[in-house]
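Inspection log for the structure reproduced underneath, given as C-alpha cells.
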Amino acid sequence: MAGTTLTISSKNYSSWSLRGWLLCRMAGLAFEEQRIDHDDPDARQELLLLSPSVLVPRLTHEGAKVWDTLAIAEYLAEIKPEAGLFPKDRVARAHCRSVSGEMHSGFYNLRSALPMNLKARHKAFKIFSGARPDVERVKEIWTECLNAHGGPWLFGSEPTVADAMYAPVCTRFRTYAIELEPAHQAYCETVFAWPLLQEWTEGALAEPDEIIELDVEF
C-alpha cells in the first residue's frame with residue numbers, strides 16, 4: 001500500500017529492526033523500507049539505547065505510527081488476522097505472547113555479551129558468567145515450545161511472532177559459536193533456511209563496511 005513505510009536501522013547490527021521487518025513480511029504487508037542514516041548523531045544515540053522501545057523499527061500505515069516491536073506485532077495481527085502471526089489455539093497463543101514478551105523485556109546480559117553481527121563468525125567465544133543464565137533460559141524456552149508444539153517452529157508447522165522475536169538469537173548463537181543440543185540446532189537451522197531471514201542477511205552482508213560496530217546490542 002502506498003505510503004506504508006517501515007523505518008529501520010542497520011541490517012547487520014539491529015536485532016529489533018530485523019524483528020519488525022520479519023513481522024511485516026510475515027503479515028504480507030506491502031511496505032517501503034526507510035533507512036536511518038547511520039552517520040546521523042541522533043540515529044546513533046537511538047541505536048545505542050538498550051531498551052526495545054526505541055523509535056526503530058517504526059511502522060507507518062494508514063495514519064498509524066507504531067514503533068514498539070510487540071506493538072507492531074499486535075497491530076499487524078489486528079489488521080492482518082489471516083496471516084496467523086499468533087497461534088489459533090488460545091492456550092498456545094498465550095504461551096506465544098509470554099515467550100515473546102520475555103524476549104522483548106529481558107535478556108539484558110545476553111544482549112550486551114552477544115550483540116548481533118551477521119558479518120562476524122567466531123570459532124570460539126567466552127561468555128561472561130552473567131550472560132550464561134540468559135543463554136540457558138533461551139534454551140529452556142525453546143525446549144518447552146518445541147516439545148509442546150512439535151516443531152519445526154516454536155509453535156508448530158508455521159512461524160509465529162515468537163520466531164520473529166527469537167530469530168536474532170539464533171544468529172547470535174551462530175556468530176559466537178554457542179554449543180547447542182541437536183533439537184536447538186535443528187530449530188536454528190530452520191530459522192537460517194527461512195527465505196525471509198536469508199533475504200535480510202543478504203542485505204546485511206551488502207551493507208557498507210564503514211558502519212561502525214557498536215559495543216552494545218540495539
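Assuming 0.692 mPa s and 37 °C, estimate D for segment 90-200 with Stokes-Einstein, Rh taken as the Kirkwood radius over Cα pairs, in µm²/s.
Details: Rh = 14.2 Å.
The Stokes-Einstein estimate is 231 µm²/s.
Want the number for Ala64 to Ala186: 0.36 nm per residue separation, take away the alpha-carbon distance, what's left?
40.1 nm
Among all stretches of the chain without exposed GluC sites (Glu not before Pro) (DSSP loop, at most 12 other Cβ atoms within 10 Å), which one is longest? Before the final figure, lay out the partial values.
Details: sites that count: Glu62, Glu179, Glu210, Glu213.
That gives 63-178 as the longest site-free run.
Ignoring everything except DSSP H segments at least 4 long, calculate the 222 nm mean residue ellipticity for the chain; use -39,500 (n - 2.57) per segment, divide by total residues, nearest 500. List each step's numbers first, then the result.
Values: 9 runs with 107 residues, N = 218.
After summing the helix terms and dividing by the residues of the chain, the value is -15000 deg cm²/dmol.
Suppose R0 equals 35 Å. What FRET efficiency, 1/(1 + (r/R0)^6) with r the Cβ-Cβ distance, do Lys80 and Asp209 give to the nearest 0.05?
0.45
Which are the unpartnered cysteines of the chain, meaning those with no other cysteine Cβ under 4.7 Å from their Cβ?
Lone cysteines by the Cβ rule: Cys24, Cys96, Cys145.
Cut-off 10 angstrom, C-alpha nodes, Gaussian network model of the chain. Which of Asn109, Asn117, Asn12 fluctuates the most?
Asn109
Counting other Cβ atoms within 10 Å of each Cβ, which chymotrypsin sites (Phe, Trp or Tyr not before Pro) in segment 118-166 have at most 16 and sit in a DSSP loop?
Qualifying residues, ordered by number: Phe125, Phe128.
Please figure out what share of the DSSP beta bridges in the chain is antiparallel and state it in percent, rounded to the nearest 5. Intermediate values should be presented prior to the final figure.
Details: 7 of 11 bridges.
If I count the DSSP bridges inside the chain, around 65 percent turn out antiparallel.
Return the subset of Lys11/Lys88; Lys80/Lys139; Lys88/Lys119; Lys11/Lys80 for which the Cα-Cα distance in this structure is over 28 Å, preserving the input order.
Those over the limit are Lys11/Lys88; Lys80/Lys139; Lys88/Lys119.
Can you find, among Ala164, Leu205, His95, the residue sitting farthest towards the positive end of the charge dipole of segment 87-217, where Lys and Arg contribute +1 and Asp and Glu -1 at Cβ?
His95
Report the equivalent ellipsoid semi-axes for the chain in whole Å, largest first, defined as the square roots of five times the eigenvalues of the gyration tensor built from alpha carbon atoms. It would help to have the intermediate numbers written out before the result.
On the way: eigenvalues 118, 109, 44 Å².
Rounded to whole Å, the semi-axes are 24, 23, 15.
For a footprinting-style exposure proxy, rank Lys88, Lys139 by other Cβ within 10 Å, fewest first.
Ordered from fewest to most neighbouring Cβ atoms within 10 Å, Lys88, Lys139 come out as Lys88, Lys139.
Could I get the Rg over Rh figure for segment 149-204? Both from C-alpha atoms, Rh via Kirkwood, rounded to two places.
0.95
Say we join alpha carbon atoms closer than 10 Å with springs in a Gaussian network model of the chain; which of Val138, Val56, Val91 then has the biggest fluctuation?
Result for the chain, Cα springs under 10 Å: Val91 fluctuates most.
Check Glu33: other-chain or 5+ apart residues with amide H under 5 Å from its amide H, H built from backbone geometry?
Leu6
Read-outs throughout are calculated quantities, based only on the coordinates presented, and are distinct from any laboratory measurement. This structure is a prediction, so every number in the text was calculated from the model and none was measured. Backbone-built Cβ (ideal geometry, glycine too); neighbour counts: all protein chains shown.
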